Amino acid sequence: MLSLPANDPARRSWLESANDAATDFPLQNLPYGAFRTEADAGARIGVAIGDRILDLRAAAQAGLLPAGVAPACQSSVLNALMALGAPAWSTLRQRLSELLGADSCPAVAMRTRVEACLVPLRAATMLLPAAVGDYTDFYASSFHATNVGAMFRPGPPLLPNYKWVPVGYHGRSSSLVVSGTPVRRPCGQILPADATVPVVGPTQNLDYELELGAFVGSGNQHGESIPLAQAAGQLFGVVLLNDWSARDIQSWEYQPLGPFLAKNFATTISPWVITLEALAPFRVPAFPRPATDPAPLPYLSDPGNAALGGLDLTLEVWLLTPRMRAAGAAPHRLSSGNFQKMYWTLAQLLTHHASNGCNLRPGDLLGSGTVSGETKDSRGCLLELTWRGAEPLTLPNGEARRFLHDGDEVILRGHAERPGARRIGLGECRGIVLPAAT
């Protein structure tokens, strides 16, 4: 078969749905996920292409995939493939591009073999793409950190360490859920306004956080670090991530050790992992720091990261309320931001995480922290959009929101688009709020 660059925007698939300008999953994307079907309840991994999934277990068993990656492609989750490292990922991506490309797979007989491994997307139930051993959430947007600091602290909004060190905390991997999973309103300790004694009850200030999640690839040995120049090659791919947050619980409990029960009740991720190779055309320079800011310390500084460490990704939040749903109305977009505005790059987050010898393993998940920009319409959570509830949002149907109500559905969407490249999407990350348990 003819080998052509997998990101070439001129290439088309012989599967026509992949050539639709509106699809998130053209030939140039080829994201990975885990799924099952009613006809086959066994979990397996696949690749999204147009309105289909290429079942990698079936493709491997049909002899369509390279021998070196075929065993990992028959797993139920992506961890084994993640562990193989960047050269193996490139080999598989190139082969998949060949099998699904109109120019590289012209033979009817071969297309018939590939078509036998295709599953309709609508027939699949999507699962968590990886077994996540550890989940760490960061705070990488200086705009978000500045807004939050201004709300909660007098004086300078950013703490003295912010522009020196990527700030993060360890989340709870057991409560990670895939898009479409309902999220129950959590209960916890809350200190009501003007009270001196806390009460226990459902959060009244339930919020979302628009984030990007990055999956670790082969990782590092315990006691070793990951140089920044090598960090990008350790990132397998990205997903949309909603870090659900109970703001009233958070404001009471977070001193002195940071987030705990206000954050660990649920974190939703999108099902399709968009590889860093697919995002290569959308790499941009790292966020330009003001001249008055300190330069990153040497271990967080690298010419390659400065030149291409950022990602030009548009990330959006949409809301569908029960009243809108009953009226048949479409979701309303609350905000739109861009990931290239993040103060720290994904590679810097990974390098800092491993800098003390912490061993990162295949399938570990790094959250970026809330993606926010300079303008109000680019703020990635209700805490910022409503300024802690003081400035409620008015929706097109007249409803108002300070924080989320029961029955509200939050939808995160993302895409990458620029002249000279094929638009690729990140899919959706959805979750509907259920009432607190009685």
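Here, each number is a calculation from the coordinates, and none is a lab measurement. Note that the structure is a prediction, hence the values are computed from the model and not measured. All Cβ positions, even for glycine, are placed from backbone atoms using ideal geometry, and neighbour counts span all protein chains on display.
Extending 7 Å from the Cα toward the beta-carbon at both residue 165 and residue 110 defines two label points whose distance is 5.4 nm.
How would you rank 115, 209, going from fewest to most other Cβ atoms within 10 Å of each one's own Cβ?
Values: 115 13, 209 27.
With the fewest neighbours first, 115, 209 line up as 115, 209.
How far apart, in nm, are two points set 7 Å out from the Cα along the Cα-to-Cβ line at residue 254 and at residue 151? Going from the residue 254 label point to the residue 151 one covers 0.8 nm.
By the count of neighbouring beta-carbon atoms within 10 Å, fewest first, 23, 112 end up ordered 112, 23. Largest first and in whole Å, the equivalent-ellipsoid semi-axes of the range 1-87 read 22, 17, 12, each the square root of five times a Cα gyration tensor eigenvalue.
Computed over the Cα atoms of the range 341-438, the ratio of the radius of gyration to the Kirkwood radius (Rg/Rh) comes to 1.04.
Computed extension gain for residue 307 through residue 377, at 0.36 nm per residue and net of the alpha carbon distance, reaches 22.4 nm.
Ordered by the number of other Cβ atoms lying within 10 Å of each residue's own Cβ, fewest first, 47, 284, 200 fall into the sequence 200, 284, 47. Viscosity 0.692 mPa s, temperature 37 °C: give me the Stokes-Einstein translational D for the range 3-49 in µm²/s, with Rh taken as the Kirkwood radius over C-alpha pairs. Here the translational diffusion coefficient equals 271 µm²/s. Here, the range 97-256 is characterised by an Rg to Rh ratio of 1.10, where Rg is the alpha-carbon radius of gyration and Rh the Kirkwood radius.
What length, rounded to one decimal in nm, is gained on full extension from residue 123 through to residue 295, with 0.36 nm per residue of separation minus their alpha-carbon distance? The partial results should precede the final answer.
Details: separation 172, 0.36 × 172 = 61.92 nm, distance 5.04 nm.
Full extension of this stretch gives 56.9 nm more.
Rounded to the nearest 20 debye, what is the charge dipole size of the range 256-350 about its Cα centre when +1 sits on each Lys and Arg Cβ and -1 on each Asp and Glu Cβ?
Numbers: 7 positive and 5 negative charges, 92 e Å.
Taking the Cα centre of the range 256-350 as origin, the dipole is about 440 debye.
If the segment from residue 187 to residue 330 were pulled out straight at 0.36 nm per residue, it would be longer than the present Cα-Cα gap by 48.4 nm. Size descriptors for the range 218-282 (Cα atoms only): Rg and Dmax, in that order, 16.7, 44 Å.
Take the Cα atoms of the range 271-326, build their convex hull, and give its volume per residue in Å³. The partial results should precede the final answer.
Details: hull volume 9.9 nm³, N = 56.
It is 176 Å³ per residue.
Scaling against 2.2 N^0.38 Å puts the C-alpha radius of gyration of the chain at 0.98. Distance between the pseudo-spin-label points of residue 200 and residue 222 (7 Å out from Cα toward the beta carbon): 3.6 nm. Each part gets one Cα centre, and for the range 230-271 versus the range 61-134 those centres are 30 Å apart. Once Rg and the Kirkwood radius are both taken over the C-alpha atoms of the range 201-323, their ratio Rg/Rh works out to 1.03.
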